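Chemist: I'd like to ask some things about the structure below.
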Amino acid sequence: MNRRGLEPISFFGFFLLLIILASGIIWGISVFYGKGYDYRSSEAQTLADLTVPCLYTIDFFAEGFSLEQCGINVKVVSESHLVYVRRLSDNKEFYAGVLDYKNQCFLNHKSVAYPRCVSSSVSARGERYEVIVGTNQRSRSVAHV
Amino acid sequence: MNKRGDFDNVATREFLYLVVFLAFFIILLLYVRGYTQQAVLWEDYYAKQLAHLIDGSLPDTTITMDVTQATRIAHATGKRYSDIFSIDNENKQISVSLRPGAATRFSYLSNKTVLDPQIKLLSGGIDKNTFVFHIA
């Protein structure tokens, strides 16, 4: 007669079970309540509104130029945004943030996971520029006392 | 054969599993509760709206935002009103917390400084409340 009962479940198996359970609940909640308020398109427009007027007054290709001169926080932009400016006369490029968004911007109709962008053509100070700004910033849940 | 030792090992292991499971259950319960009270959704909304207002404002502007819904949820979750909104001028981050132990954080883009952020409870209740701050 087997008096030992069932074999004890390993710690790894136990954690795996918890992770599967948590994933199911989190998935269910996100399906039911949706993915939240998608602000990225408005944010991309805001970033464009901060960038383009600055291009009229400041040379982005001058030595030592920083987006801080346009009142944009470089640290925030570098994490989940892109500011890309190309001078058409010599194809010189300036960018801050995630350069790959330049490609992902054109795929944004394929999935909500891709960034939302605003692209424009600007004539300023005798030059023509291509400007692409994009954002994929999501809000984050953090511990709070 | 040391049957007592076996029992202690099994009891310790079972106790450990129980503690881990209870911790997991409580965290999950708080997570689900945050959604069912819609605290998470409104935190997300207010954080992004505040970022929008800050980025779109001119210097030396005082902004007043209706936060009645936020105070209603905070009242239900037992959150202190003074802890709902916090703005980190150094890292350009907005935190909105409508549930115990957690908050939603979002960054604004511009280098503006937010001064004197405070919730004003009009008529002393939760019927119409505002969040007032000044952009330097």
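The values are calculated or read from the model by the stated rules, or taken from the named source; none is laboratory data. All values derive from a computational prediction rather than experimental measurement. All Cβ positions, even for glycine, are placed from backbone atoms using ideal geometry, and neighbour counts span all protein chains on display.
Chemist: Criterion first (within 12 Å of the chain's Cα centre (by Cα) and farther than 14 Å from B:Phe131 by Cα) does B:Pro59 satisfy it?
Modeler: Considered against the rule, which asks whether it is within 12 Å of the chain's Cα centre (by Cα) and farther than 14 Å from B:Phe131 by Cα, B:Pro59 comes out as no.
Chemist: Every residue in segment B:21-36 that is of a type in the set (A, V, I, L, M), over 13 Å from A:Ser141 (Cβ atoms) and more than 9 Å from every other protein chain (Cβ to nearest Cβ), please.
Modeler: If the condition is that a residue be of a type in the set (A, V, I, L, M), over 13 Å from A:Ser141 (Cβ atoms) and more than 9 Å from every other protein chain (Cβ to nearest Cβ), then B:Leu22, B:Ala23, B:Ile26, B:Leu29 are the ones that fit.
Chemist: Kindly indicate whether B:Ala23 is of a type outside the set (Ser, Thr, Tyr) and without any contact (Cβ under 8 Å) to a residue 12 or more places away in the chain.
Modeler: Yes.
Chemist: Just one of A:Val142, A:Val122, A:Val112 is within 14 Å of chain B (Cβ to nearest Cβ) and among the hydrophobic types (A, V, I, L, M, F, W, C); which is it?
Modeler: Result of the check over A:Val142, A:Val122, A:Val112: A:Val142.
Chemist: Would you confirm, using the coordinates I've provided, whether B:Ile73 is farther than 27 Å from A:Gly24 by Cβ, in contact with a Leu (Cβ under 8 Å, 6 or more places away or on another chain) and touching a residue at least 24 places away in the same chain (Cβ under 8 Å)?
Modeler: In short, no.
Chemist: Given the condition loosely packed, with under 14 Cβ neighbours inside 10 Å, in contact (Cβ under 8 Å) with a residue 24 or more places away in the chain and part of a helix (DSSP H, G or I), answer yes or no: does some residue in segment A:44-58 qualify?
Modeler: yes
Chemist: Filter segment B:117-129 for residues that are without any contact (Cβ under 8 Å) to a residue 60 or more places away in the chain and more than 14 Å from B:Leu50 (Cα to Cα); which is farthest from the other protein chains (Cβ to nearest Cβ)?
Modeler: B:Ser123
Chemist: Name the one entry in B:Ile73, B:Ile54 that is more than 18 Å from the chain's Cα centre (by Cα) and surrounded by 15 or more Cβ atoms within 10 Å (Cβ to Cβ).
Modeler: When all the criteria are applied, what remains is B:Ile54.
Chemist: Scan segment A:125-139 for residues that are more than 14 Å from chain B (Cβ to nearest Cβ) and not acidic (Asp, Glu) and jot them down.
Modeler: A:Arg125, A:Gly126, A:Arg128, A:Tyr129, A:Val131, A:Ile132
Chemist: Considering only strands (runs of 3 or more DSSP E) fully contained in segment A:104-145, which possess at least 1 residues that are farther than 18 Å from A:Leu50 by Cα and among the small types (Gly, Ala, Ser)?
Modeler: Filter on segment A:104-145 gives A:140-143.
Chemist: Cβ-Cβ distance below 9 Å, separation of 6 or more or different chains: which pairs start in segment B:85-111 with a residue that is within 8 Å of another protein chain (Cβ to nearest Cβ) and closer than 14 Å to A:Lys75 by Cβ and end on one that is of a type in the set (Gly, Ala, Ser) and in a strand (DSSP E or B)?
Modeler: B:Asn91/B:Ser107; B:Lys92/B:Ser107; B:Lys92/B:Ser110
Chemist: Looking at B:Leu98 and the list (1) of a type outside the set (Gly, Ala, Ser); (2) touching an Asp or Glu at 6+ places or on another chain (Cβ under 7 Å); (3) more than 26 Å from A:Thr46 (Cβ to Cβ), which single condition is not satisfied?
Modeler: (3)
Chemist: Specify which of the listed residues (B:Val96, B:Val114) is at pLDDT 95 or above, over 25 Å from A:Cys70 (Cα atoms) and β-branched (Val, Ile, Thr).
Modeler: B:Val96
Chemist: Give B:Val67, B:Val114, B:Val132 a once-over and let me know the one that is away from chain A (no Cβ under 12 Å), more than 12 Å from the chain's Cα centre (by Cα), in contact (Cβ under 8 Å) with a residue 24 or more places away in the chain and surrounded by fewer than 16 Cβ atoms within 10 Å (Cβ to Cβ).
Modeler: After applying the criteria, what remains is B:Val132.
Chemist: Filter segment A:55-74 down to the residues that are of a type in the set (Gly, Ala, Ser) and more than 14 Å from chain B (Cβ to nearest Cβ) and list them by number.
Modeler: The answer is A:Ala62, A:Gly64.
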